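Single-structure report; data block below.
The values are calculated or read from the model by the stated rules, or taken from the named source; none is laboratory data. What you are looking at is a predicted structure, and each value in this text was computed from that prediction instead of being measured. Note: ideal-geometry Cβ built from the backbone for every residue, glycine included; neighbour counts use all protein chains shown. SASA here: full protein model, heavy atoms, side chains in, ligands and nucleic acids out. Shrake-Rupley method; radii C 1.70, N 1.55, O 1.52, S 1.80 Å.
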Amino acid sequence: MFRKILIANRGEIACRIVRTARRLGIATVAVYSDADRDALHVRLADEARRIGPPPARESYLNGEAIIAAARATGAQAIHPGYGFLAENEAFAAACARAGLVFVGPSPEAIAAMGDKAAAKRLMEKAGVPLVPGYHGESQDAAKLEREASRIGYPVLIKPAAGGGGKGMRVVASARELAAALESARREAQAAFGDARMLIERYLERPRHIEVQVFGDAQGEVLHLFERDCSVQRRHQKVLEEAPAPGISREQRERMGQAALAAARAIGYRGAGTVEFIAEPDGRFYFMEMNTRLQVEHPVTEMITGLDLVELQLRVAAGERLPFSQQALKIDGHAIEARLYAEDPARDFLPATGRLVHLAFPEGVRVDTGVEAGAQIGSWYDPMLAKLIAHGRDRAEALERLRAALRATEIAGVATNVEFLRRVCESRAFRDAELDTHLIERERGELLAPRGPVPREVLQAAALAELRHEERTAREHARRSGDPHSPWYAVDGWRLNGEGRHEFVFVHEGAEHRVAVDLACATSAAARCVRDGRSWHVFRDGERWTLSLKDPLAGLDLDAASGSLAAPMPGRVVKLMAERGAQVKKGDALLILEAMKMEHTIVAPADGVVAEVRCAAGDQVVEGAELIRLE
C-alpha cells in the first residue's frame, strides 16, 4: 500500500479521500488554488500545496503543477477524484513518466472512452447495444444536417468528448440545428477543449441507468449492480438511487453483462461507470463510460457495504479485488440528493456568498467539503454536499431522506434544498415514475411559489430580534459605567402605554409588520439565524429570509429602472445586441458563461438598447450592469 498520496481535486471528494486514506494509514497531500486557500480539504490533509490562481485551467487543470507538488512532497500516487483531470489520458501518462501511480485506469482506456464517438464504434464491435445515431469523424455542417435528417427529429447533439450534460442540446427540427450546433460547440470547447459533436435519436421518456464496474490489474472485472440517475435537469443529475426501481433480475443481469463487455473491451482497471439509456419496454442502449469514480458512488457503497475509494487505492497498489461476483449482494436501498448553491426560483442560477449557517441532520450519511463561514465563489461546481439515506427498502430510504432534507439548514446563499424536498415528496418520485423528464414534467408543482410568509415565521423572527436586542443591551450595560441605566432596558415599558415591540420585516419586496410582547411571547417551532440586519428562519423544511427595516433610514427596494445586471459572476461569451437596436421581450441579448455552463440573458420587455456596457470576453461580477434598455 502507498505511504503518501496526493489528491488532485477539491471539495467533498477530496475530503472523502483524505478520510479513507487516513483510515488506511496513508498520509495525504492536498492541492489548492488561491480561491481554496482556507477550504476544508486543505485543513484536513496532512500537507497542502498551492498550485495556482482560481481559474481551473491555471490550477486544478494544471497537470505540471500538480505533478511537481507530488514529487516535492514525496507522494507515490495521485488520486484525481472526479472532474478536472480524472479522465485526462495525457495527465495519466504524465504521472507514469514521472514515476507516480495514477489512481485510475490506464491512459489507453481513458482515451478509448474519452472520445464518445470512437467509444460508440468500439462498443458496437463488442456487441453492446447502441442508440441509433451518427458517431462519425466528419464535422461538416451539411453532413451533420443530413445525418440528423436520416436519424429523424427530435435528435440529441452532444460533445464527442466530455460529459456531465455540458454542450448537450435537444433539437426538435432542422431549422433549429445550426443555432444549436453553434452554442453546443462553443460550450464543449470551453468545457473540454474539443468542439466535435455526435448526433443520436432523442428518446422521449428514457431512464438513465448506470452500472458500477471495477477491474484489477490481474484482469478481473466485476459489476457492483446498477443505479438509477433519471432525475435530472439540463442533463445534470439531481437524485440518484440504487438499486434501480422496477428492474427485474433478468434485466439487471443483462445490463451487468453489457457493462462488463464494455469494460473488458478496453482492459479496464479501477472504478468506472457504464451508462445506459433505457426505454419503458426494457430495451437499453450504451451512452458512455465514465472512466473514474462518480459523484453518486455512495449509493452503491451503501447497498454493497464496500468502500470504493479504498478499493481504488488497493487496486492501484496492485492488489486483487477481494471478492467474487457471486459474493456481491444487494442490501436494502439507498437514495442520494445533491445539494447545490443555486436558486431554483431564478432558473437554477449558481449562487455565491458566505455560508452564514450550516447544519446537517443525523441519521443519514453526509458527504461535504464546506463548513459554516466558507465563501462560495463562482470558479467551480456549486455543489455543497450530498445527503445519502439508506433503508431496508425504497420507501424507508425515501422517508429518511425527506426527513433529512426537512432538517437541513443552510443560510447565506440560495440553495436547492427545498426543491429537493419537493421532488422527494412528489407523487411521481414516490411512485418511481422515473425518466429524465420528470422534473420538467412536474415543473409546475416543484417550482410553485410558496405563498405568503407564515405568521409563525414572522413571529419567530420578531421574538428572535427582541431577544437579540435584549442580549445586546445587557452586554452594553455590563460594559458601561452604569449597568442599571433605564436606557439599556428592552422590556417594552412605555408611560401609560402597552409593553409591545413592533418590527417591520421585508421579504421579496413586501413589508410585514409584526408586534411582540416579550412578557407573553412564546417561541414558535423555528430556528432563527441572524445575518447582519436579516433573519434566516427555518421552519417545517423551509427557509425564509426576512430583512429588518430600519425605521429611520428606510429601505429602498427598487432596482435601477431599465438596467440589465449580471445575475451571477461570469464571462461574456457573445453579444447579440447593439446600441440603438430595437428588441422585443424575450429576445436574446447576450450569453454569459458561469461554472462552464452558458446562460442567455434576454430582454425583460420591448425597448431600445440605450447602452452596452460589456464586450465579448469580459469577466463580470454579479450585479454589474451589462446593458441598459429604454
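For the reader, a short list of remarks on this structure follows.
- From the list HIS333, HIS297, the one residue that fits, being buried (at least 20 other Cβ atoms within 10 Å of the Cβ) and under 22 Å from ASN88 (Cβ atoms), is HIS297.
- In the range 531-543, the residues that are acidic (Asp, Glu) form Cβ pairs under 8 Å with partners that are open to solvent by less than 20 Å² (accessible area, probe 1.4 Å), at six or more places apart or across chains, as follows: ASP531/ALA411.
- Of all residues in the range 239-255, those satisfying the criterion of being buried (at least 21 other Cβ atoms within 10 Å of the Cβ) and either out of contact with any helix residue (DSSP H, G or I) (no Cβ under 7 Å at 6 or more places or on another chain) or not hydrophobic (A, V, I, L, M, F, W, C) (or both) are GLU240, GLU241, ALA244, MET255.
- Within the option set ALA385, ALA351, ALA341, being of a type in the set (A, V, I, L, M), open to solvent by less than 20 Å² (accessible area, probe 1.4 Å) and at pLDDT below 95 holds for one residue only, ALA351.
- Applying the criterion of being open to solvent by less than 100 Å² (accessible area, probe 1.4 Å) and in a loop (DSSP other than H, G, I, E, B) to the residues of the range 492-518, the residue that is modelled with the lowest pLDDT is GLY497.
- Filter result for ALA148 (more than 28 Å from VAL221 (Cβ to Cβ), open to solvent by less than 40 Å² (accessible area, probe 1.4 Å) and touching a helix residue (DSSP H, G or I) at 6+ places or on another chain (Cβ under 9 Å)): yes
- Picking from residues in the range 60-74 that are under 17 Å from HIS41 (Cα atoms) and of a type outside the set (Ser, Thr, Tyr), the one that is surrounded by the fewest Cβ atoms within 10 Å (Cβ to Cβ) is ALA69.
- Taking the range 264-279 as the range and being more than 27 Å from the chain's Cα centre (by Cα) and open to solvent by less than 10 Å² (accessible area, probe 1.4 Å) as the test, only TYR268 passes.
- Considered as a group, the residues in the range 113-135 that are farther than 19 Å from MET197 by Cβ and aliphatic (A, V, I, L, M) include one that is least open to solvent (accessible area, probe 1.4 Å), and that residue is VAL128.
- A Cβ distance below 6 Å, combined with a sequence gap of six or more or placement on separate chains, defines the contacts here; from the range 208-219, residues that are surrounded by 20 or more Cβ atoms within 10 Å (Cβ to Cβ) reach residues that are of a type in the set (Lys, Arg) and at pLDDT 95 or above in the pairs GLU210/ARG227; GLY215/ARG269; ASP216/ARG320.
- Among the numbered conditions (1) outside any loop (DSSP other than H, G, I, E, B); (2) touching a residue at least 40 places away in the same chain (Cβ under 8 Å); (3) of a type in the set (Lys, Arg), the only one that ARG252 does not meet is (2).
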